[in-house]
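In what follows, a structure is listed as structure tokens, so that the remarks can point back to it.
The values are calculated or read from the model by the stated rules, or taken from the named source; none is laboratory data. Values in this document were obtained by computation on a predicted structure and should not be read as measured data. FYI the Cβ positions are ideal-geometry reconstructions off the backbone, even for glycines, and counts take in every protein chain you see. Areas reflect the complete protein model, heavy atoms only, side chains present, ligands, DNA and RNA absent. Shrake-Rupley method; radii C 1.70, N 1.55, O 1.52, S 1.80 Å.
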Amino acid sequence: MRDRCAEEHALTNGFLQGKKGLILGVANKRSVAYACASALAREGMELALTYVNDRLEKSVRQLGEELGAKTIAPCDVTQPEDIDKLVELIGAEMGSLDCIVHAIAFAKREELTGNYMEVSREGYQIAQEVSAYSLPAIARRAIPLMEGQDGSIITLTYIGSERVIPNYNVMGVAKASLEASVRYLAHDLGPRGIRVNAISSGPIRTLSASGIDNFKSMLDHIADRAPLKRNITAEEVGDVCAFLASSMSRGITGSTIYVDAGYNIMGL
Ligand code: 0WE
């Protein structure tokens with residue numbers, strides 16, 4: 001399977017052939033990050049994947065091998081030395097980087113329920129640090145690897161940044177911060193040939209959504225109201241990620257692109 005995959009990726013002339021990408025945030029096969037990695041690999045991109053902790057190492061290694069990933073390394077974005085080492089390793093093993101997919105978010109479980117106003121100082125800080133600060137922290141360090149070739153940085157966000165989604169709470173505030181970061185980074189990095197964009201995805205059943213109160217009723221609500229009358233899949237996000245990684249999107253930077261079956265346009 002893995003040989004066939006790798007061979008096909010080498011033989012087919014995918015539109016990302018010859019490009020190299022780093023994906024942060026794969027946990028398992030259902031991860032949106034995995035769907036992005038899979039779409040990028042399908043189009044011929046050479047990949048590096050990261051895992052946060054020992055608990056996830058095994059599954060990320062296995063998925064990485066299936067996708068023909070060259071580099072699989074630990075990275076806890078709250079540890080600056082982790083990011084430094086990761087960038088150094090990628091420099092040594094891959095030489096350069098054309099694309100970064102930032103698919104990382106974290107808030108404490110207890111912050112994703114009840115009233116937003118009860119948010120703790122620590123809970124607020126952790127959500128911001130992991131989910132938002134990590135983007136400029138990675139982007140800045142990766143500049144030397146990305147400069148001089150149409151580079152693309154892609155992150156994932158959610159409509160809870162702009163409108164109230166009950167219980168999303170501190171994550172909504174962190175995503176608002178992440179989206180503002182996308183615009184400021186686009187301004188900083190545009191002159192160096194690096195584009196920065198976000199994909200605002202509709203809700204998807206992943207590890208991140210597990211244990212969220214009433215997730216099923218949120219999915220039903222979307223399928224009822226969204227113009228496409230359905231939910232979206234991780235693969236649909238992966239395909240837009242491949243587009244944003246490619247030169248087909250060379251005129252787009254600082255944007256948030258919705259992959260939400262059109263839900264965001266509705267007023268009622
Ligand atoms: O961004 C997210 C979820 C991110 C997330 C999920 C968890 C669950 C487990 C961040 N931190 C944690 N921490 C945990 O301990 N989404 C877009 C999915 C999501 O999460 C929600 C949603 C939706 C949609 C939480 C409340 C309401 C809606």
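Of the listed pairs LYS175/LYS229; LYS29/LYS85; LYS19/LYS108, which have alpha-carbon separations greater than 32 Å here?
Over 32 Å apart, Cα to Cα: LYS19/LYS108.
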Tell me the relative contact order for the chain as a rounded percent, counting alpha carbon contacts under 8 Å between residues six or more apart. 20 percent
With every protein chain in place, the chain: carbon and sulfur % of accessible area (1.4 Å): 53 percent
Using the Cα centre as the reference, give the magnitude of the dipole from point charges on the C-beta atoms of the chain (Lys, Arg: +1; Asp, Glu: -1; all else neutral), rounded to the nearest 20 debye. 420 debye
Sorted by accessible surface (1.4 Å probe, heavy atoms of the protein chains only), largest first, HIS221, HIS187, HIS102 come out as HIS187, HIS221, HIS102
Toward the positive end of the charge dipole of the stretch 104-237, about the Cα centre and with charges on Cβ (Lys, Arg +1; Asp, Glu -1), which of ILE194, ILE212, SER177 goes farthest? ILE194
Take every Cα pair under 8 Å in the stretch 116-268 that's 6+ residues apart, average their separations, divide by the length, and report that relative contact order as a whole percent. 27 percent
How much net charge surrounds GLU118 when only other residues with a Cβ under 13 Å from its Cβ are counted (Lys, Arg +1; Asp, Glu -1)? -1
Taking the simple approach of a point 7 Å from Cα along Cα-to-Cβ for both ASP84 and GLN62, what is their distance in nm? 3.5 nm
When the chain is treated as a Gaussian network with springs between alpha carbons less than 10 Å apart, the largest mean-square fluctuation among LEU228, LEU89, LEU145 is found at LEU228
Using a 1.4 Å probe, how large is the accessible area of ASP150, given in Å² and rounded to the nearest 10? 50 Å²
Residues ARG141 and HIS187, FRET efficiency given R0 of 22 Å [Cβ-Cβ distance, rounded to 0.05]: 0.75
At a Förster distance of 25 Å, what's the computed FRET efficiency of ILE265 paired with ARG230, Cβ-Cβ distance as r, to 0.05? 0.95
What residue among ASN197, ASN214, ASN53 shows peak mean-square fluctuation when the chain is described by a Gaussian network model with Cα springs under 10 Å? ASN214
Find the percent of Cα-Cα distances in the stretch 128-198 that exceed 20 Å, and round it to a whole number. 31 percent
In percent, how large is the relative contact order of the stretch 94-188, given Cα pairs closer than 8 Å and 6 or more residues apart? 40 percent
When averaged across all projection directions, what area in nm² does the alpha-carbon convex hull of the chain cover? 14.0 nm²
Residue with peak Gaussian network fluctuation, the chain [Cα springs, cutoff 10 Å], from ALA142, ALA174, ALA226: ALA226
Heavy-atom accessible area order for LEU207, LEU219, LEU49, largest first, 1.4 Å probe: LEU207, LEU219, LEU49
